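Here is the structure we will look at, set down as structure tokens.
The values are calculated or read from the model by the stated rules, or taken from the named source; none is laboratory data. What you see is a predicted model, and the numbers here were worked out from it, not measured in a lab. Positions of Cβ are backbone-derived with ideal geometry, glycine not excepted, and every protein chain shown enters the neighbour counts. Only protein heavy atoms, including side chains, enter the accessible area calculation; ligands, DNA and RNA are left aside. Shrake-Rupley method; radii C 1.70, N 1.55, O 1.52, S 1.80 Å.
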Amino acid sequence: MTIGVERLFDELGHFKRYQACLYFAAVFQAISCGIHYLASVFLVETPKFLCGVENITDVLFVNHTAASLQDIWSLYSPGKGPVVVQTAAGQQWELSQCQRALRLDPGDDLRYVFNGTKNVEATCPGGFVYDLSEVHQSIVTDWDLVCENAWLAKLTQPTFMLGVLIGALLFGDVADRVGRKPILMATSLCQFMFGVAVAFSGNYYLFVTMRFLLAMVSSGYLVVVFVYVTEFTGSKVRTWTSLHVHAAFAVGIMVVALVGYLVRVWWIYQIILTLSTAPFLLFCWSFPETPFYLVAKGRHQEAQQLLDTIARFNGLPATLQVSDLLDSNAAEGAAIDEKVAEASGPAAHSGESEHKISILDLFGSCRMAIRTVICWSIWFIGSLGYYVFSLGSVNLGGNQYVNLFLVGLVEIPSYLIGCFLMDRVGRKKTCAPALLLSGVACMIVIVVPNDIAVLAVVLNMTGKFAVAIAFGLIYLYTCELYPTVIRSLAVGSGSMMCRVGSIVAPFCVYLADFWIYMPQLIVGVLAFIIGVLTMFLPETLGQPLTSTLEEAEALGTKPSKGTAKMGNPASNECLELNQPMCKA
């Protein structure tokens, strides 16, 4: 017999009509998180550009002549030599991206080899000329974020990810204090407000500030919605519903690709992305608070009304009383207290002070230290690989919009297959091969010839598919690897490593400026090494959750009696810890 608030799912259904409506409504808004996390791919897109000169009459690039710069953009690429132009005043200029040179005593023909002197201008006082055939308007073209200001454009995504980190820490704590519903409503409204404000930013610094605030509330929503759906769905479906919140995140990535293809003006693009999830604001005010939170806070009358509403909506008699859940909670609490007292031994009864848990307990022994390093590495590479594959997909060649769409699309089956494998072949036997596959795919893409862009895209999608599997299961796996006394600490520290990976990822992607496959090389090497190290972790499939450090250390060293036939209670209990998945 299920005890505590969990009993309501046995009585009213684990995922019946009421829970399904709430689930899909809440997950719909999670799409906006994927949208805003990846929107910068096209917001800060840098087209081809050159130093500007007014009144151009003739253009020469290599052996091609034209009447204007717009006619040579399809041929131009940096490093192939300067673009020579002649103005109506008879001046001849050699143009490159970040400087221009005035030819002194030029001849009449642009084609002859100029051996005279030049007046080189290291800056571009006339501004820049951009290729607007693909990107009609981005923040780069609006605010000239190129050359010495190029670092400002590159700083937008790391700054956003810093906001993600702060938002996850802030709103996760506030949701435990004021409730899940107020945070869902506040962050949804703020997402809309800040999303629109980004579009009307008048300068770069206001743009970055609004994006930072947008990152905070987007992260806050993703954290709290994970808790929300786990507290409204029963144990029979909780693993599925929790993991597939992130399928909505992947849908957001696909929306970014589609809107980016259709709209090439950055502020209109930003407004459309923000409006795409605005309908959620029309009904999010009617969301109820979760039964777990109401009971925990003693709001029994509201909890009873919620139970009656769920029963009626699900077509069941409203016979379940809050008192039934309270009695179970009391019994559960007494049983837990008794077990704690027994486990504590004579020292506890004699009033000996309890050991204070700290992060050092994750390294309390050689075995636990190795386990912690490996787990942290998986958290890190999962996040790093996820965002490197997503943000870097536009650099692979071919159609960048199709590439980004496929990056989001391939993520959805990864969760389905990950759920299937982790409950059948095991956590370790799913995580390690996934990381190894991601590493191998990255290594192979490096040697693919430049003229076979399709193969490079396929390998990149394979890497994203594989790393998403590891990224999806590491939360639950970490829960099962650590005992009750340090489990939340283990998950929290791993989540921090994950966010470090998300902050590092944009800088890793920018290394493509030096070599197109440098990001894949870094992710591939790390994923392969960490995949090998993952094999040294113990398997936890079918194992009960451990309570003490001694039991946790013993994982993988001796067989557990009867685990072949028993279910895995870890999945449900771990998800009840209400820790957010790491995309937040």
message = Using the basic label-point model (7 angstrom from Cα toward the beta carbon), what is the Asn399 to Ala20 distance in nanometres?
response = 3.5 nm
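Roughly speaking, what is the stretch gain from Met535 to Leu262, that is 0.36 nm per residue apart minus the C-alpha to C-alpha distance, in nm to one decimal? Working shown, then result.
On the way: separation 273, 0.36 × 273 = 98.28 nm, distance 4.51 nm.
Full extension of this stretch gives 93.8 nm more.
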ask   = With every protein chain in place, what's the accessible area of Cys366 (1.4 Å probe, Å², nearest 10)?
value = 100 Å²
ask   = Relative contact order for the stretch 21-105 using alpha-carbon pairs under 8 Å, separation at least 6, rounded to a whole percent?
value = 24 percent
query = Which entries of Lys429/Lys464; Lys80/Lys464; Lys16/Lys181; Lys16/Lys428; Lys154/Lys464 show an alpha-carbon separation above 26 angstrom in the structure shown?
reply = Lys80/Lys464; Lys16/Lys428
task = Please list Met518, Met193 in order of solvent-accessible area, largest first, computed with a 1.4 Å probe with all protein chains present.
result = Met193, Met518
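Mind checking the full-extension length gain between Gln301 and Ile359? Use 0.36 nm per residue of separation minus the Cα-Cα distance, one decimal, nm. Could the numbers behind the result be given before it?
Numbers: separation 58, 0.36 × 58 = 20.88 nm, distance 4.00 nm.
16.9 nm is the gain from fully extending Gln301 to Ile359.
Rounded to the nearest 0.05, what FRET efficiency do Gln99 and Asn314 give with R0 = 45 Å and r taken as the Cβ-Cβ distance? Could you check? Don't skip to the answer; put the middle values down first.
On the way: r = 70 Å, r/R0 = 1.56.
E(calc), rounded to 0.05, equals 0.05.
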ask   = Around Gln19, what is the net charge, scoring Lys/Arg as +1 and Asp/Glu as -1 over all other residues with Cβ under 12 Å from its Cβ?
value = +3
task = Report, in deg cm²/dmol and to the nearest 500, the calculated mean residue ellipticity at 222 nm for the chain, where each DSSP H run with n ≥ 4 adds -39500 (n - 2.57) and the sum is divided by the residue count.
result = -19000 deg cm²/dmol
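When the accessible area of the stretch 1-64 is split by element with a 1.4 Å probe, what percent falls to carbon and sulfur?
Details: 1220 of 2360 Å².
Solvent-exposed carbon and sulfur of the stretch 1-64 make up 52 percent of the total.
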query = Among Pro158, Gln137, Leu214, which residue has its Cα positioned farthest towards the positive end of the charge dipole of the stretch 137-217, with +1 placed on the Cβ of Lys and Arg, -1 on the Cβ of Asp and Glu, and the dipole taken about the Cα centre?
reply = Leu214
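Rounded to the nearest whole Å², what accessible area per residue is found for the stretch 202-305 with the 1.4 Å probe? List each step's numbers first, then the result.
Numbers: 3640 Å² over 104 residues.
Accessible surface, normalised per residue, equals 35 Å².
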ask   = Which whole-Hz couplings ³J(HN,Hα) result when phi for each residue of the stretch 385-394 is put into the Karplus expression 6.51 cos²θ - 1.76 cosθ + 1.60, θ = phi - 60°, listed in order with x for Gly and Pro?
value = x, 4, 7, 5, 5, 6, 5, x, 4, 6
query = How high is the relative contact order of the chain, given as a whole-number percent (alpha carbon pairs under 8 Å, six or more residues apart)?
reply = 17 percent
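Dipole size in debye (nearest 20) for the chain around its Cα centre, Lys and Arg Cβ +1, Asp and Glu Cβ -1? Could the numbers behind the result be given before it?
On the way: 35 positive and 43 negative charges, 161 e Å.
I would put it at about 780 debye.
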note = Expressed in square angstrom to the nearest 10, the accessible area of Val251 with a 1.4 Å probe stands at 50 Å²
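Sort Cys21, Cys479, Cys419 by heavy-atom solvent-accessible area, probe 1.4 angstrom, most to least.
Details: Cys21 75, Cys479 0, Cys419 20 Å².
If we order Cys21, Cys479, Cys419 from most to least accessible, we get Cys21, Cys419, Cys479.
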query = Ignoring ligands, DNA and RNA, how do Glu480, Glu134 rank by accessible area with a 1.4 Å probe, largest first?
reply = Glu134, Glu480
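Rounded to the nearest 0.05, what FRET efficiency do Ile417 and Asn63 give with R0 = 41 Å and r taken as the Cβ-Cβ distance? Could you check? Before the final figure, lay out each step's value.
Numbers: r = 53 Å, r/R0 = 1.28.
For R0 = 41 Å, the calculated efficiency reads 0.20.
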inquiry  = Around Val198, under 14 Å between beta carbons, what's the net of Lys plus Arg minus Asp minus Glu among the other residues?
reply    = 0
